[in-house]
Amino acid sequence: MADQPATLAAALGDLWQTIGARARAGDAGSSYTARLLAGGVDRVAQKVGEEATETVIAGVRRDPDAVVTESADLLYHLLVLWQSAGVEPGAVAAELAKRAHHSSDDRTSRRGHEHQSSSGGKG
């Protein structure tokens, strides 16, 4: 399990590189990615919504194989949306890191507050 995030990160990094290469090539005749990007950010966003809905449905149906398949489709389309919108994965990673830090601060703050409450407010 410990190597799964690194494996996922590597897979997403490879996918990001492929999407970038297809965007630069711009060959809509032979590349689904290029065709999708040619449709503009609105079309790409629509596909993200469709894939998200399909992922949710697979989850509600408790179908792990379908969740895997639909999650892969969702992640692909999300990365195409980032490409279309000019978003770098590093910006998303930085936001996640910031949230993880704030979440950690929130847990520390709550523990301190619970300690004060249980001791009559005299930390």
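Laboratory data are not the source of any read-out in this text; all were calculated from the coordinates shown. Keep in mind the model is a prediction, meaning the values are calculated, not measured. Note that each Cβ is placed from the backbone with ideal geometry, even for glycine, and that neighbours are counted across all protein chains shown.
Over region 13-87, the pair-distance histogram of Cα-Cα distances with 10 Å bins from zero comes to 22, 46, 26, 6 percent, rounded to whole numbers. Counting beta carbons within 10 Å around each of ILE19, ILE57 and listing the fewest first gives the order ILE57, ILE19. With neighbour counts taken as other beta-carbon atoms within 10 Å, the residues VAL60, VAL68 rank, fewest first, as VAL60, VAL68. Going by neighbour counts of Cβ atoms within 10 Å, the residues THR33, THR7, THR53 line up, fewest first, as THR7, THR53, THR33.
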